[in-house]
Amino acid sequence: LRMECFEIYNEEVRDLLAPDLKKLKIVDHVLKGPICVSEKPGEKHETARFVTTEEEVSKLVSMALSSRHVASHAMNATSSR
């Protein structure tokens with residue numbers, strides 16, 4: 001199983017498993033469907049992780065959740081803005 005986690009925040013795409021990567025965009029690949037790639041020409045973006053156990057999935061989900069942008073407001077204490 002291959003796992004990737006992305007967030008769209010303020011019109012920007014962020015990879016939640018590699019939050020230091022910037023300038024990503026979503027494109028429609030002919031064979032793969034929608035994929036996330038670097039906006040910089042020639043720069044590779046491949047941070048997909050292969051997982052085989054429930055524990056590996058849980059660890060990556062926890063990592064991704066800790067990288068999300070969240071802020072509180074009057075209606076919700078942990079809103080995904």
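For a quick check of your reading of the model, give me the residue pairs whose first member lies in region 30-55 and is within 18 Å of LEU16 (Cβ to Cβ), whose second is open to solvent by less than 100 Å² (accessible area, probe 1.4 Å) and in a helix (DSSP H, G or I), with beta-carbon atoms closer than 9 Å and at least 6 apart or on different chains.
ARG49/GLU56; ARG49/LEU60; PHE50/GLU56; VAL51/VAL57; VAL51/LEU60
Give me a count of the residues in region 71-81 that are surrounded by 11 or more Cβ atoms within 10 Å (Cβ to Cβ) and either more than 25 Å from LYS23 (Cα to Cα) or modelled with pLDDT of 75 or more (or both).
Counting residues in region 71-81 that are surrounded by 11 or more Cβ atoms within 10 Å (Cβ to Cβ) and either more than 25 Å from LYS23 (Cα to Cα) or modelled with pLDDT of 75 or more (or both) gives 1.
Say whether the condition of being at pLDDT below 85 and open to solvent by 100 Å² or more (accessible area, probe 1.4 Å) is met by at least one residue in region 62-70.
Scanning region 62-70, I find no residue that is at pLDDT below 85 and open to solvent by 100 Å² or more (accessible area, probe 1.4 Å), so the answer is no.
Tell me, which residue of region 17-48 that is assigned to a strand (DSSP E or B) and not aliphatic (A, V, I, L, M) is nearest to CYS5 (Cα to Cα)?
CYS36
Tell me yes or no: at least one residue of region 5-18 is open to solvent by 30 Å² or more (accessible area, probe 1.4 Å), modelled with pLDDT of 85 or more and hydroxyl-bearing (Ser, Thr, Tyr).
The answer is no, given that none of the residues of region 5-18 is open to solvent by 30 Å² or more (accessible area, probe 1.4 Å), modelled with pLDDT of 85 or more and hydroxyl-bearing (Ser, Thr, Tyr).
The values are calculated or read from the model by the stated rules, or taken from the named source; none is laboratory data. Predicted model only: the values in this text are computed from it and were never measured. Cβ coordinates were reconstructed from backbone atoms using ideal geometry, including for glycine residues, and neighbour counts include every protein chain displayed. Quick note on the areas: whole protein, heavy atoms, side chains included, nothing else; ligands and nucleic acids left out. Shrake-Rupley method; radii C 1.70, N 1.55, O 1.52, S 1.80 Å.
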